[in-house]
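Reviewing the structure listed below.
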Amino acid sequence: MSTGKKHVKTQSTYAFESNTSNVAASQMRNALNKLADSVKDDDEKRFRIENELDSFFSLFRRYLIEKSSKDNTLDWDKIKSPAAEEVVRYENINADAESVGNLSKLAVLKLNGGLGTSMGCVGPKSVIEVRDGNSFLDLSVRQIESLNRKYDSDVPLLLMNSFNTDKDTEHLIKKYSANRIRIRSFNQSKFPRVFKDSLLPVPTDVNDPLDCWYPPGHGDLFEALLSSGELDALIAQGREILFVSNGDNLGATVDLKILNHMIETNAEYIMELTDKTRADVKGGTLINYDGQVRLLEVAQVPKEHIDEFKNIRKFTNFNTNNLWINLKAVKRLLDAGSIEMEIIPNQKTITRGGHDINVLQLETACGAAIRHFGGAHGVVVPRSRFLPVKTCSDLLMVKSDLFYLQHGALKIDPSRFGPNPLIKLGSHFKKVSNFSERIPHIPKIIELDHLTITGNVFLGKDVTLKGTVIIVCSEGQKIDIPNGSVLENVVITGNLQILEH
């Protein structure tokens, strides 16, 4: 009986792959030059597009090299838990939570490149109404405005848009012109998608349709800050620290304790982590690898170790993507050309002539840059600082009586005990419009642990849900939960029988 043996590439295989990579790189370079040549009579636009395509080309070339390199996966045996000073708990930080002097050194940035398509909405996700008539963007503005008013500070808010959200956002922020807040918005790069088979760019002209292009993930933040001029402007204003978070994380508010801790410890980069639950098993986590702090994402984990990666006892916390970054360090690293982040190849399909065609978009994530910064470490924060709204299940929770609104920030009701409830709404609730039609009045859920609703279900007014509530409507049936219902530890099925469990 032969034992299984790992397939090892021969030298001739490497030589072939290296030649193939060189051919692919030179073909891509020629195609990108033609793409830049399609800009007519606009030198400024041509200069900008050439810069973007150069950035894309260096990413693409790195992708080719990594693809054909001897072993691009991490050596699992070298992965160690972070040292004590590499991950500290929020409650153990000694920094002053009241001292406001460092606010003059702070700027806040929201990642605002995403569309609301996954929730059935048109336009930027940041305009979806989440609470009491306020959108994500309204709440971000209110938070910073109340901070500036309370402490007589002038913390600016920056929005990093993509070409998908830019025009709508520019229009929207005009309504805040009378508010006590400076809002700047700038665009991240616009990179060409690549045909998976030929490894050539999908667009052949700069005016080709939007589905030929993609925004290359939030790892593009550093380059985009520099090329937009915002990085130099912030440094010139004396801003030293940028607090970055996802536009849909309602828990990501300015925290003076973390800000002061960062300045006192001279850390150039802090990543907020929070404890994993079973719902977060895919979240990236901080590790020590070859003596440096690194972010380990599920995509980098060898298949045979996936279960180990998801073990919440071994990898106890995950990246919230709330990041505190020193701007002078960013400038120094960019000047040296040394902020390289792991490439995430993301496969998509586009339709051409009635056929689906596989394309690649090469992305990076700004959390992966942590290994390049001095004194970088993680801070394990309370779960309340991670409140993302990705689905209508999340939307139900943030609209409910579980939270109240204070100066644009969502605070959990003090009478709530234990972790947030687990809410799973089925495909009938995928779009915001369907959700609003089926749940026009948000139920009281302060004592809810688990809710599952699938099928053609409508909730009445003043409904209270407690404990574990499961409502399953069979195909072709309809369930109406009457006004004023109190459902506690029940399963409701197609014919509206209420079964205690």
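Rule-based calculations on the coordinates, nothing more; no lab input. Note that the structure is a prediction, hence the values are computed from the model and not measured. Cβ sites come from the backbone with ideal geometry, for glycine too, and all protein chains shown count toward neighbours.
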Distances over 29 Å make up what percent of all Cα-Cα pairs in the chain?
57 percent
Note, the stretch 454-467: 3J(HN,Hα) by Karplus (6.51, -1.76, 1.60, θ = phi - 60°), whole Hz, Gly/Pro = x, goes 10, x, 7, 10, 10, 9, x, 8, 6, 8, 10, 10, 9, x
Hey, which of these cross-link pairs are over 25 Å Cα-Cα: K110/K411; K110/K196; K175/K348; K399/K461; K125/K174?
K110/K196; K175/K348
Do the sum for the chain: with -39,500 (n - 2.57) for every DSSP H run of n ≥ 4, divided by all residues, what is the mean residue ellipticity at 222 nm, to the nearest 500 deg cm²/dmol?
-8000 deg cm²/dmol
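Mean Kyte-Doolittle hydropathy of -1.0 or higher plus an axial Cα length of 24 Å or more: which whole DSSP H helices in the chain meet both? Display every interim value, and only then the final one.
Numbers: long enough: 11-37 (39 Å, -0.62); 43-68 (37 Å, -0.86).
Helix filter hits for the chain: 11-37, 43-68.
Compute the signed sum of charges (Lys and Arg +1, Asp and Glu -1) over the other residues within less than 13 Å, Cβ to Cβ, of S185. Numbers along the way, then the final one.
Numbers: positive: K110, K167, K174, R182, R184; negative: D166, D168, E170, E230.
Here the charged neighbours net out to +1.
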Applying the Karplus parametrisation 6.51 cos²θ - 1.76 cosθ + 1.60 with θ = phi - 60° to the phi angles of the stretch 278-286, what ³J(HN,Hα) value in whole Hz is obtained for each residue in order, glycine and proline being reported as x?
5, 7, 10, 5, 8, x, x, 9, 7
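Rounded, prolate or oblate: which fits the stretch 314-462, taking a ≥ b ≥ c as square roots of the Cα gyration tensor eigenvalues, rounded meaning a/c under 1.5, else prolate when a/b beats b/c?
Working: a/c = 2.82, a/b = 1.37, b/c = 2.06.
The shape class here is oblate.
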In whole percent, what relative contact order does the stretch 294-373 give with Cα contacts below 8 Å and a gap of six or more residues?
33 percent
Below 18 Å, Cα to Cα, which aspartates and glutamates can K390 reach? Residues fewer than 8 away in the same chain don't count.
E129, D138, D248, D280
Under a 5 Å amide H to amide H cut-off, with H placed in plane at 1.01 Å, what residues pair with L109 once short-range neighbours are removed?
L158, F243, V244, S245
Note, ³J(HN,Hα) from phi for the stretch 310-325, Karplus 6.51, -1.76, 1.60, rounded to Hz, x at Gly and Pro
7, 6, 6, 8, 7, 10, 8, 9, 9, 6, 7, 6, 8, 10, 10, 10
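Please give me, ordered by residue number, the GluC sites (Glu not before Pro) of the stretch 72-132 that lie in loop per DSSP and have at most 10 other Cβ atoms within 10 Å. Numbers along the way, then the final one.
Values: sites: E85, E86, E91, E98, E129; in loops: E85, E86, E98.
The qualifying sites are E85, E98.
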